[in-house]
1. For the chain, find the longest principal axis of its Cα atoms and tell me its angle to the long axis of helix 295-304, 0 to 90°, nearest 10.
2. Specify the angular offset, from 0 to 90 degrees and rounded to the nearest 10, of the alpha carbon long axis of helix 49-61 from the longest principal axis of the alpha carbons in the chain.
3. Please give the contour-minus-distance gain from residue 66 to residue 175: 0.36 nm per residue of separation, less the Cα-Cα distance, rounded to one decimal in nm.
4. Computed over the Cα atoms of segment 2-61, what is the ratio Rg over Rh, Rh following Kirkwood?
5. Per the helix-only calculation at 222 nm, which mean residue ellipticity applies to the chain, given -39500 (n - 2.57) for every DSSP H run of n ≥ 4 and division by its residues, nearest 500 deg cm²/dmol?
6. Averaging sequence separations of C-alpha pairs under 8 Å and six or more residues apart, then dividing by the length of the chain, give the relative contact order as a whole percent.
7. At a Förster radius of 35 Å, what calculated FRET efficiency corresponds to the Cβ-Cβ distance of residue 263 and residue 45, to the nearest 0.05?
8. Tell me the angle of helix 309-323 to the major Cα principal axis of the chain, expressed in degrees between 0 and 90 and rounded to the nearest ten.
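None of the figures in this text is laboratory data; all of them are computed from the coordinates on show. Everything numeric here is computed off the predicted structure, so don't read it as measured data. Backbone-built Cβ (ideal geometry, glycine too); neighbour counts: all protein chains shown.
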């Protein structure tokens, strides 16, 4: 779309207005329809800042955001929709009741638009396609499957089960990491308080003593000086760096791939992420394939729910292998994300005609590993926390008591 500034005369005064149109002719027609005055001239211009600001403000106020729907209200709406469809109610009435029942504004807007399209004669899955970002590829695939096979109620119920399982895994991880994160946060606050309030009390004493300060004491004094005089700048710089990283993480594929790959190398976090993403992929792929969705579509939907971009890129090799006519286990092996044992299990399932059953075992394997780490994350992080606390106490002890011992020796001499 292009923008044109039209000058016109109204009475004895000249005015101008910016019109949005695909061409000059259309812009002049749009101006004439407004009957603002007598046309004088027209000139193409850049998009006015006022329009940019207005659009930005409208997007900010709109409930529809460029992110996934909140999972809890979405799952509840899916279960309600499944029950109503299973009872034989028409799809438009079911959607109306779901919209009336939910309090989530974004969910209301999405389902309201879908209902409007359905009532105008558009298919349900087709009406959902503009909201692929909010709903996810998995939802589109399950609704499309239900619509094509006449088992929409069953497909929606199964979708709710899948999303609920994913959400349960996330809640378990958040619950398991709550205590370690709280401990780290408390240690950071305690360290800052000691540095800012305790160390300065000894600084003047050390300065008057004239003794040579050890490295630990000089380090504490340096940290205290940095926090006291440059603390706001340090915090501001950290916030700016996080914002810059977040921007490039969203916009640049290379940055996102490098960051997600590095995430997999972090102690505990990497294993939890890998087991969660791979387990989720196998589970959804098996459910969709067992439900009758073509293998390439099932792979696309399963890969779409993987949040880590590096793992997602590697898993896409499986689809590429299928398109090239190679066996499924070949794609698993080429991706480099699976143990040799898993590849052999998939191969045995392919050759024996029991792929679905074998994938269930693979899903259980990853789920058990994920559950073990989640259940024992506090015990696994405990040595790191103990080492951090020990280092914190050691630095304080050496930084404060070593100079005092030196002063005592000087006085004794």
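1. Tilt relative to the chain: about 50 degrees.
2. With rounding to tens, the tilt is 80 degrees.
3. Extra length from residue 66 to residue 175 when fully extended: 36.5 nm.
4. Working: Rg = 12.8 Å, Rh = 12.3 Å.
Over the Cα atoms of segment 2-61, Rg/Rh equals 1.04.
5. Calculated at 222 nm, the ellipticity per residue is -25500 deg cm²/dmol.
6. Working: 400 pairs, mean separation 53.7, N = 413.
The value is 13 percent.
7. Values: r = 45 Å, r/R0 = 1.30.
After rounding to 0.05, the efficiency reads 0.15.
8. Between the helix axis and the principal axis of the chain, the angle is about 40 degrees.
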